[in-house]
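Everything on this sheet refers to the single structure shown next.
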Amino acid sequence: MADNYEHYITRNIRAYYKRRLIAPICYLLLLVLLWFIFPLESILNPLPFTAGDTLESAYKSDKQYVTVTFTDLTFTGYTSSRFNATNGYWYYGIRNHQCYIVLLSPETCEEGLPAIDSITTTCSIVKGGNLYQKLLNSLATELEWTESGISSQIPIYYFSEPDYNHFTNALLFFVYFTTGIFAVLSLLTYALFMIFPALAPACQNLVIYGNPFEQLAEAEEELATLPQLATEDMFITEHYFILTSPYGNAVVPIREILWIYKYSTLQKFLWYHFSITYTLHISANKHLFIQCPKNTKSDIDGIIDYLSEANHNIMVGFSEENRQKAQANQGKPFHIEILFAFLRRKV
């Protein structure tokens, strides 16, 4: 018995956070993969479109988002619509002795200026589709060119300012980097708790009752030498209730427990009912709340019976009367205690 439960609490805390490392690691790998699959670097930091670049070479080299200066642009008279609203105005200009097409946002061209002398903006290089080809055909008719003739003079790629959506891109990178930072912090936090289990919330919750390191050491010693009651993941020693579950860990002094009750949950998938599991709820002094989910009725009944015998002041069973008594004994929390109570609830 002593060998089985030697440093059992800290070993389970390490195992718990080792399992939790998987999610942030996988998410960070996904972010790295997305960075290389999609042109995120080009979106975040558009490169200048230089005189030696061509639309085709830039598009094929993943330099699809560029900062470019246009000069002597002329309005074609055609607009682009999306969702029954005008999202761009078609212009053409000459660059390196070649005609090119630009789709400008309504704000940039002031909703269709006849001519623009010079403007610098960020665009996406887009490969033209059917609508673009119809535009070229219409221009060919107006200029009395053949369709093949205008296609040979104007590349199939064009500059599109609306396709570089500043708000959408800003939102994309806000989510990308915010979630990435959260994943990194989670990874570092879980690694810290693995290295120093005494710093984990399960142990630091004990700070409201005294020195958490001393209480953890006492609970470890009692569990290693003579546990009073043991189930699969719940234990009772002389002075502590201990939870070492795949869903979390907790250590609670028995003398601080105010109220315990069980709650049943029907496990089902679609219309199939599988089994009933039970959750043990524990309310302790100073707004410490513990949940022990997915246990059997016999295990929880045994824990409740033993705790009620070990501390006769513990209220047993869910009722409005017990809830009000527990709340009255705990007293009204400070605002910071409300926050801590909410965080401790997520064991």
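The values are calculated or read from the model by the stated rules, or taken from the named source; none is laboratory data. This is a predicted model, so every value here is computed, not measured. Reconstructed Cβ throughout: ideal geometry from the backbone, glycine too, with neighbour counts over all protein chains shown. SASA here: full protein model, heavy atoms, side chains in, ligands and nucleic acids out. Shrake-Rupley method; radii C 1.70, N 1.55, O 1.52, S 1.80 Å.
Quick look at the numbers
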{"item": "Selection within region 45-65 - among the aliphatic types (A, V, I, L, M) and under 11 Å from Thr122 (Cα atoms)", "result": "Leu47"}
{"item": "Residue count, region 195-217 (criterion: part of a helix (DSSP H, G or I), out of contact with any Cys (no Cβ under 8 Å at 6 or more places or on another chain), of a type in the set (A, V, I, L, M, F, W, C) and crowded, with 18+ Cβ neighbours inside 10 Å)", "result": "3"}
{"item": "Evaluation of Leu187 against (1) under 30 Å from Leu34 (Cα atoms); (2) loosely packed, with under 12 Cβ neighbours inside 10 Å (one fails), failing number", "result": "(2)"}
{"item": "Residue satisfying all of: in region 218-252; touching a helix residue (DSSP H, G or I) at 6+ places or on another chain (Cβ under 9 Å) and part of a helix (DSSP H, G or I); surrounded by the fewest Cβ atoms within 10 Å (Cβ to Cβ) among these", "result": "Ala224"}
{"item": "Every pair of residues 6+ apart whose Cβ atoms lie under 6 Å, when the first sits in region 280-305 and is farther than 23 Å from Leu206 by Cβ while the second is at pLDDT 90 or above and not in a strand (DSSP E or B)", "result": "Asp299/Thr231"}
{"item": "Verdict on Tyr164 being modelled with pLDDT of 85 or more, under 14 Å from Ile101 (Cβ atoms) and aromatic (Phe, Trp, Tyr)", "result": "no"}
{"item": "Residue that is nearest to Leu55 (Cα to Cα), among those in region 103-158 that are open to solvent by less than 60 Å² (accessible area, probe 1.4 Å), in a loop (DSSP other than H, G, I, E, B) and among the polar types (S, T, N, Q)", "result": "Ser105"}
{"item": "Pairs where the first residue, in region 3-16, is under 9 Å from Met194 (Cα atoms) and the second is open to solvent by less than 40 Å² (accessible area, probe 1.4 Å) and of a type in the set (Gly, Ala, Ser), C-beta under 8 Å, 6+ apart", "result": "Thr10/Ala198; Ile13/Ala200; Ile13/Ala202; Tyr16/Gly248"}
{"item": "Asn12 being farther than 30 Å from Asn165 by Cα and either open to solvent by 90 Å² or more (accessible area, probe 1.4 Å) or not hydrophobic (A, V, I, L, M, F, W, C) (or both)", "result": "yes"}
{"item": "Sole residue being over 22 Å from Ile300 (Cα atoms) and touching a residue at least 12 places away in the same chain (Cβ under 8 Å), chosen from Pro246, Pro227, Pro212", "result": "Pro212"}
{"item": "Single unsatisfied condition, Thr168 versus (1) touching a strand residue (DSSP E or B) at 6+ places or on another chain (Cβ under 7 Å); (2) in a helix (DSSP H, G or I)", "result": "(1)"}
{"item": "For Glu56: the one exception among (1) open to solvent by 70 Å² or more (accessible area, probe 1.4 Å); (2) within 20 Å of Ser105 (Cα to Cα)", "result": "(2)"}
{"item": "Residue satisfying condition, being within 25 Å of the chain's Cα centre (by Cα) and modelled with pLDDT of 90 or more, within set Tyr209, Tyr176", "result": "Tyr176"}
{"item": "Top-ranked residue in region 21-43 [being aromatic (Phe, Trp, Tyr) and modelled with pLDDT under 95; ranked as least open to solvent (accessible area, probe 1.4 Å)]", "result": "Trp35"}
{"item": "Region 66-86 - residue that is closer than 14 Å to Val126 by Cβ and either small (Gly, Ala, Ser) or modelled with pLDDT under 90 (or both) and, of those, least open to solvent (accessible area, probe 1.4 Å)", "result": "Ser80"}
{"item": "Cross-chain or 6+ apart pairs with Cβ under 6 Å, region 143-165 first and among the charged types (D, E, K, R), then surrounded by fewer than 21 Cβ atoms within 10 Å (Cβ to Cβ) and not in a loop (DSSP other than H, G, I, E, B)", "result": "Glu147/Asn137; Glu147/Ala140; Glu161/Thr121; Asp163/Val126"}
{"item": "Number of positions in region 318-330 that are assigned to a loop (DSSP other than H, G, I, E, B) and either more than 37 Å from the chain's Cα centre (by Cα) or without any contact (Cβ under 8 Å) to a residue 12 or more places away in the chain (or both)", "result": "1"}
{"item": "All positions within region 293-317 that are in a loop (DSSP other than H, G, I, E, B) and surrounded by 14 or more Cβ atoms within 10 Å (Cβ to Cβ)", "result": "Thr296, Asn311, Ile314"}
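So that you can scan it fast, the table gives a plain yes or no per residue for (1) within 16 Å of Asp305 (Cα to Cα); (2) not small (Gly, Ala, Ser):
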{"site": "Leu216", "(1), (2)": "no, yes"}
{"site": "Glu220", "(1), (2)": "no, yes"}
{"site": "Glu232", "(1), (2)": "no, yes"}
{"site": "Ile236", "(1), (2)": "yes, yes"}
{"site": "Ile242", "(1), (2)": "yes, yes"}
{"site": "Ala250", "(1), (2)": "no, no"}
{"site": "Ile257", "(1), (2)": "yes, yes"}
